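Heads up: the structure comes next, in structure tokens.
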Amino acid sequence: MKKALFLVLIFILFYTRFVNSGWGLPYPMHPDERNMAVAVQNLNCNFKFQISNFKLSECLNPHFFAYGQFPLYIAYGGIQVYHFLFGLIGQPTYGEATIALRTISAISSIALVFILFRIIELIHPQKKPSAFGFKLMALSFLIFSPYAIQFAHFGTTESTLMLFYAVIIYFSLKLLATNDQRLTTKYLFFLALFSGLALGTKLSSLLFLGVPVLAILIKNIFIRTVVGGTIEGSPKSTHKVRPAGFAALDYFLGSINRDGIYRTIINLFFYLSITIFFFILSSPHNFLNWNDFISSMTYESRVGLGRFVAFYTRQFVDTTPILFQFQKILPFALGWPTLIGGILGFIFLPWQSVDSNSKQYTKHVTLSLTNPYNILRFSLLLSLLPPSFFFSKWTRFISPSFPLFSLFAILFFLQIAKKRVISITIIIIIIVITFIPGIAYLSIYTTTDVRFIASEWMYNNIPEESKILTETANAIDIPVPTSHYFVNSFNFYDLDQSIELQNNLNKALVEADYIIIPSRRIFSNHTCLSPNTPQIIQNELARCKELEKTYPLLNAYYRDLFSGKRGFQKVAEFNSFPKISFIGKTLLEFPDE
């Protein structure tokens, strides 16, 4: 019975990550995914035996450096295997590249669940009588995480980076928990491997290195020189390893001033050297095409830090760090139950590893540093705080912190269950409630994309050859496809700065039969108006006045449009929010915009 139940949960896990993995195809619905898929399509290496005519800098050059090459190469390799097995030839199609990237994300998301599971077992080991309930609760909790379901359906790097960060945290905890030099070397190697691959996936994962570096410093300076032994303070190991292969390296690393600073330097050098090796190996064109790489990083950093405010980052103007993330991102990415549980776990889970009345202050402080909960706290803050202070506060910037919130929530519920603070029945009810946001989020991928629904309505209700005025710079214009209509994708972003656009808009409004507002990006980020509230929102009066001053023509356009003064009336509106439905009726909806 228990085995069957776990098999059902594993099936649900795979289902939630892979359901409708072809959503949106063959159209490019996600801009970052589109860029990566196009980069995969462009990969080729026409190797020639005449070395003089062969340029290494062009072999498998993606000509795209916003992300590293590692996920691109994995996707390209998977497609080549697929072509070989089915006798296909030619470069990858856009659909193949997208599916390959989404498959990587889905597999990474599944693997993440098991790594988080191992971290929980490492920190909070369960005795056999309660092990089944613990595993059932933890696995169910992780299966229905909204962020994991979402990122598993994007052919981008978020799922992979969350997996790598979780693996790095896991091996850092293992490193602190052992005093065997052979295991220490093994864990350092795996830390370096996954750190290098993380850098080869996205350079911003440089932050991840802070966790292993902290673990090495704690292990080799604090534990060995102040306390002696492992994370529990046990005596130093006297185990000797015979120098053979890896064992020789074990012996070398373990023999250099076991209790001093030199050992720390050697371990750090070992870790960082192998990290750099795997970074170069997994993303070689960052170095082979150095100027292109630096140019891309310069642009990305200017956009991220706000030195260049692009039209697609105007929503971050005058936003408050931390408050923005906790108001606009975390409640929807995690779900309110997980967010609240994660915060409570962060605050109330043990901060100390020994009794607070201990007179051995140095030992007490050291063991507090090595407390696994504090390592998790450091990991969460490291992945959450620095990106939160960027000008551009995209969800993906703080995505590595999401699994840490889940961990704290699960560990908190386990702790209160263990201490019987509240009844088991109430705990079960709370945990079931945490599933609701994830179950609701599945509806996004189990129903037709809202852009297709809107397009179908248009083809059924708008006469052919009608002239449609819409807004530019979307991932894809609607209707999908845009045939049978004359669609004017107008640049409203620069309306207040361009006299030519102002004249063109007047002409476009005269000619237009219908107007489409495809998203909230323009009217919501440049005005305080909306189709349902054509008047200024009073509680944001200062911001609204500033927007009216900066974009007077854009504000006037939307005010007149929404109030009907432009001669247009709203005839249809479509949205797609996470929801739980039954027999066609919506029981619960999460408006996440």
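Going by the conditions given, is residue 301 modelled with pLDDT of 95 or more, over 17 Å from residue 397 (Cα atoms) and out of contact with any Phe, Trp or Tyr (no Cβ under 8 Å at 6 or more places or on another chain)? It is false that residue 301 is modelled with pLDDT of 95 or more, over 17 Å from residue 397 (Cα atoms) and out of contact with any Phe, Trp or Tyr (no Cβ under 8 Å at 6 or more places or on another chain). Apart from one condition, residue 7 fits all of (1) in contact (Cβ under 8 Å) with a residue 12 or more places away in the chain; (2) farther than 17 Å from residue 283 by Cα; (3) not charged (D, E, K, R); the exception is (1).
Filtering the stretch 160-172 to residues that are within 8 Å of the chain's Cα centre (by Cα) and within 16 Å of residue 117 (Cβ to Cβ) leaves only 162. Highlighted here are the helices (runs of 4 or more DSSP H) found entirely within the stretch 117-219 that include at least 3 residues which are at pLDDT 90 or above and within 23 Å of residue 99 (Cα to Cα): 146-152, 158-176, 181-201.
In the stretch 314-330, which residue that is touching a helix residue (DSSP H, G or I) at 6+ places or on another chain (Cβ under 6 Å) and modelled with pLDDT of 95 or more is nearest to residue 550 (Cα to Cα)?
321
Out of all the residues in the stretch 68-102, which are among the hydrophobic types (A, V, I, L, M, F, W, C) and touching a residue at least 12 places away in the same chain (Cβ under 8 Å)? Selection gives 70, 72, 74, 75, 79, 97, 99, 100, 101.
Any idea which residue in the stretch 366-407 is surrounded by the fewest Cβ atoms within 10 Å (Cβ to Cβ), counting only those that are among the hydroxyl-bearing types (Ser, Thr, Tyr) and outside any helix (DSSP H, G or I)?
By that ranking, first place goes to 392.
If we scan the stretch 230-242, do we find a residue that is among the β-branched types (Val, Ile, Thr) and at pLDDT 95 or above? Checked against the condition, which is being among the β-branched types (Val, Ile, Thr) and at pLDDT 95 or above, the stretch 230-242 yields no hits at all. For the subset of the stretch 174-206 comprising residues that are closer than 18 Å to residue 217 by Cβ, in contact with a Ser or Thr (Cβ under 8 Å, 6 or more places away or on another chain) and among the polar types (S, T, N, Q), which member is surrounded by the most Cβ atoms within 10 Å (Cβ to Cβ)? Of everything passing the filter in the stretch 174-206, 195 is surrounded by the most Cβ atoms within 10 Å (Cβ to Cβ).
Take the conditions (1) under 20 Å from the mean Cα position of the chain (by Cα); (2) modelled with pLDDT of 95 or more; residue 79 misses just one of them, which is (1).
Taking residues in the stretch 474-493 that are touching a residue at least 40 places away in the same chain (Cβ under 8 Å), and partners anywhere that are in a loop (DSSP other than H, G, I, E, B) and aromatic (Phe, Trp, Tyr), the pairs with Cβ atoms closer than 8 Å and at least 6 places apart or on different chains are 476/27; 480/27.
Of the residues 82, 76, the single one that is part of a helix (DSSP H, G or I), surrounded by 20 or more Cβ atoms within 10 Å (Cβ to Cβ) and not assigned by TED's automatic domain parsing to the domain that holds residue 473 is 76. Among the residues of the stretch 481-490, those that are under 37 Å from the mean Cα position of the chain (by Cα) and more than 15 Å from residue 558 (Cβ to Cβ) comprise 481, 482, 483, 487, 488, 489. Restricting attention to the stretch 85-96, the residues being under 18 Å from residue 34 (Cβ atoms) and either outside the structural domain of residue 36 (by TED's automatic domain parsing) or out of contact with any Phe, Trp or Tyr (no Cβ under 8 Å at 6 or more places or on another chain) (or both) number 4.
Where in the stretch 505-590 are there helices (runs of 4 or more DSSP H), lying wholly inside it, with at least 3 residues that are without any contact (Cβ under 8 Å) to a residue 24 or more places away in the chain and surrounded by fewer than 13 Cβ atoms within 10 Å (Cβ to Cβ)?
The qualifying helices (runs of 4 or more DSSP H) are 541-550.
Of the set (1) in contact (Cβ under 8 Å) with a residue 40 or more places away in the chain; (2) in a loop (DSSP other than H, G, I, E, B), all apply to residue 105 but (2).
The values are calculated or read from the model by the stated rules, or taken from the named source; none is laboratory data. Note that the coordinates shown come from a computational prediction; the quantities given were computed from them, not determined experimentally. No Cβ is skipped: glycine too gets one built from the backbone with ideal geometry, and neighbour counts run over all protein chains shown.
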